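In what follows, a single structure is set out as structure tokens and then discussed.
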């Protein structure tokens, strides 16, 4: 399982912005059922983080919100990469045609 797009061998020759675009193209190729499953998994990962915010009060909420905001991509990116792997070769071809 890849935690960062730089760990995916097919995406290594590309710069970070290009990798993000390719992953976005691959995610757009998901079937509706796969998109639903992706969103459900992301919700399951994020619900505990945001439920824990309900117990923080006052000014302590600010740093906790900052940590929650920064942890969002750390939690969701590996799942998105895993779902997009099936369509990466097609997405790379489509990306290269668009350039």
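The values are calculated or read from the model by the stated rules, or taken from the named source; none is laboratory data. The shown structure was predicted, so the numbers you read here are calculated from the model rather than taken from an experiment. All Cβ positions, glycine included, derive from the backbone under ideal geometry; neighbour counts span all protein chains shown.
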Filtering the range 73-86 down to residues that are without any contact (Cβ under 8 Å) to a residue 40 or more places away in the chain and touching a helix residue (DSSP H, G or I) at 6+ places or on another chain (Cβ under 7 Å), which residue is nearest to residue 42 (Cα to Cα)? 76
Surrounded by 10 or more Cβ atoms within 10 Å (Cβ to Cβ), on the phi < 0 side of the Ramachandran plot and over 15 Å from the mean Cα position of the chain (by Cα): is that true of residue 52 in this structure? yes
Meets criteria (exposed (fewer than 15 other Cβ atoms within 10 Å of the Cβ) and either more than 17 Å from residue 1 (Cβ to Cβ) or at pLDDT 85 or above (or both)) for residue 44: yes
